[in-house]
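Engineer: The structure that follows is given in the form of structure tokens.
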Amino acid sequence: AASTDLALSLVDSVAGSGILDDPSPEAISSSTSALDTILASSQGSSDTGTDNTELPAVDLDVADKAADFVSSIASAAGDMEDGLDTDLASTMMGSVGTLFGSLSVDPAASTATPTPDPAGGPTTLAPQMSAAEKAAAEKAMKEKQEKLSGKLRSATSSIGDALLKAQPVGEEVAVSGPSTNGRRGLSIRGKKQTSEAMMSSSNTVGDFAVPPLGANLGGRRLQTAACTDTSVGMQYVVWPSNPFAYAGNGSKGNLTKTNAASDADWNSDCCEVDANAVVSMTLRSCGQDLEVHDLPENITFTVYTPRTSNDTEEFVEERLCQYFDETAQAWTSEGCWTVELFDDRVSCACNHLSSFSAAFGKLTKVLEQAVVGAFECPNAKILTPEGLRNLGKGTWWRERAAILVWVLMAILTVVFFV
């Protein structure tokens, strides 16, 4: 594999060659091929696009420079009248997908140093710094990963802009990079639409259905002095992994809701965002995202988070539609609703556009609360036939709280009759 210094030098050399100063299809193609070759070499392979090849991650510093170069290529392509064709867009998506693999480095592993066993045993990773130093190093690594992730998200948007530039209005186009190391390829489905059509009628792209936006779009400034194009690009991106995993609390779901049953609550293991099902839906104009929120009619879409286990008497699996709040740097369900659950997917609705996924976890029945709630019930539902039948269900009567109730009832019975 090419050394890190060599790979950095190669990226600098190509990026600084001036090849993109006068954008042309040839310049875009040459730059894309050069970057693809550098990334393949840095991984020790001549092919970054195979499904079954286990390749090492590109060095984080190399990936950072490469992400800047991808953005430059996409920007240059966007300046051309015909934009970016699907073949080059697919190659660039493959490069971005490869760079996403660089984010998989464990921050904790970066703070440990290989230590050979003097007796000839296996090499171990022994921390060579204090706990405070290790925590600081892990924080620095996470910030570095989020910086790269942000660049890759931006580069993907720029690729989408360039791809849609020459597309006919109303026609959907799709491109994707190859899957690598078990990760699905980065893909994008897009459609260019007039602002008038976005305001007055419903539009779909991929699994997303966007209602008429009316004043939610009409009040936006869709052109600037440097950009007179008032068309709107719809971009639906399926990410190879969670692109917000290193931003704030970006890997954890915010499942504050509970199951409809009154005797259920979240267990201590809850809750994870499905990193394999993160999708984004954005509207863009003149190279910028258009903010769309508080819609009177919801956007609907599907997140492919499958059921992981069957419900039992003790556990109930829950999957909730989530979006990533970039201001709060956290996943939340605010403004989103779970419409319907299927074994292989979740149907969602939201009143805004963003990046979405499904967070999932298991509900554990809190049996002590069930017992107390039953005996404190103000309308005496426990005395109804249904209430009495429910008392015989489950194993609540063996729990400590229930045993305490039985003892108290026995004492009261003795006192009353004696």
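Engineer: Modelling each spin label as a point 7 Å along the Cα-to-Cβ direction, I'd like the Thr327/Thr228 distance in nm, to one decimal.
Structural biologist: Simple spin-label model gives 3.5 nm for this pair.
Engineer: Beyond a 23 Å Cα-Cα separation, which of these cross-linked pairs lie in this structure: Lys65/Lys144; Lys144/Lys192; Lys65/Lys142?
Structural biologist: Long pairs (Cα-Cα over 23 Å): Lys144/Lys192.
Engineer: Considering only protein heavy atoms, what is the solvent-accessible area of Glu334 at a probe of 1.4 Å, reported in Å² to the nearest 10?
Structural biologist: Here the residue's solvent-accessible area equals roughly 130 Å².
Engineer: Sticking with this one: Please give the length that would be gained between Ser154 and Glu196 if that part of the chain were fully extended, namely 0.36 nm times their separation in residues minus their C-alpha to C-alpha distance (nm, one decimal).
Structural biologist: Length difference between fully extended and current span is 12.5 nm.
Engineer: Ignoring ligands, DNA and RNA, how do Trp406, Trp239 rank by accessible area with a 1.4 Å probe, largest first?
Structural biologist: Sorted by accessible area, descending: Trp406, Trp239.
Engineer: For a quick check: with amide H placed at 1.01 Å from N, whose amide H comes under 5 Å from Ala166's, ignoring anything fewer than 5 positions away on the same chain?
Structural biologist: Those lying under 5 Å, H to H, from Ala166 are Leu84.
Engineer: On average over all directions, what projected area in square nanometres does the stretch 56-100 have, based on the convex hull of its Cα atoms?
Structural biologist: 3.1
Engineer: Obtain the radius of gyration and the Kirkwood radius of the stretch 157-217 from its C-alpha atoms and give Rg over Rh.
Structural biologist: 1.06
Engineer: Between Asp343 and Ala140, what is the label-point separation in nm under the 7 Å Cα-to-beta-carbon projection?
Structural biologist: For Ala140 paired with Asp343, the spin-label model returns 5.1 nm.
Engineer: Under 5 Å between amide hydrogens, which residues at least 5 positions from Thr204 or on another chain qualify, with H placed 1.01 Å from N in the peptide plane?
Structural biologist: Val210
The values are calculated or read from the model by the stated rules, or taken from the named source; none is laboratory data. These numbers were taken from a predicted model, which means no experiment stands behind them. When we count neighbours, we look across all protein chains shown, and the Cβ atoms used for this are built from the backbone with ideal geometry, even at glycine. Areas reflect the complete protein model, heavy atoms only, side chains present, ligands, DNA and RNA absent. Shrake-Rupley method; radii C 1.70, N 1.55, O 1.52, S 1.80 Å.
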